[in-house]
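Engineer: Let me begin by handing over the structure; questions about it come next.
The values are calculated or read from the model by the stated rules, or taken from the named source; none is laboratory data. Just so we're clear, the structure is a prediction, and the values are computed from it rather than from any experiment. No Cβ is skipped: glycine too gets one built from the backbone with ideal geometry, and neighbour counts run over all protein chains shown.
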Amino acid sequence: MNQKVRIWDFLLIAALVAACACAWLIPRETGASATVSVDGEIVAVLPLSQEGEFLLPMGGRVVVRDGKVSLCDAVCEDKLCENMGEISEEGQTILCLPLRVSVVISGEVDAYVG
């Protein structure tokens, strides 16, 4: 009886590991556009399919390259927003709290570039 319990425990653990691996391997949806907001107001919606950059009013720029977006040359002191790296998946966000800037990836493409 003791050995049966161990076999079922092993099978349960294996099933949980397999379920986690499957969830991790499922590809996430890539976003279609990046919405740039300053002080809560949308200033640009950049499609990820087009390479380019958007200059922020207070300094810095939002760069779209290879379907990914990043924040570069920020004028804030800590540069944490630059260290967030590139984002491309729907729902991902880059925030710069000192400059009150947010860049959010969404699945919709709008034709608004500020």
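Engineer: Give the residue that is surrounded by the fewest Cβ atoms within 10 Å (Cβ to Cβ), with candidates limited to residues of segment 53-109 that are among the polar types (S, T, N, Q) and in a loop (DSSP other than H, G, I, E, B).
Structural biologist: Filtering segment 53-109 for residues that are among the polar types (S, T, N, Q) and in a loop (DSSP other than H, G, I, E, B), the one surrounded by the fewest Cβ atoms within 10 Å (Cβ to Cβ) comes out as SER88.
Engineer: Could you list all residues from segment 22-50 that are modelled with pLDDT under 80 and surrounded by 10 or more Cβ atoms within 10 Å (Cβ to Cβ)? Spell out how you get there, then give the answer.
Structural biologist: Taking segment 22-50 first, the residues modelled with pLDDT under 80 are 22-31.
Once the filter is applied, which keeps residues that are modelled with pLDDT under 80 and surrounded by 10 or more Cβ atoms within 10 Å (Cβ to Cβ), segment 22-50 yields ARG28, GLU29, THR30, GLY31.
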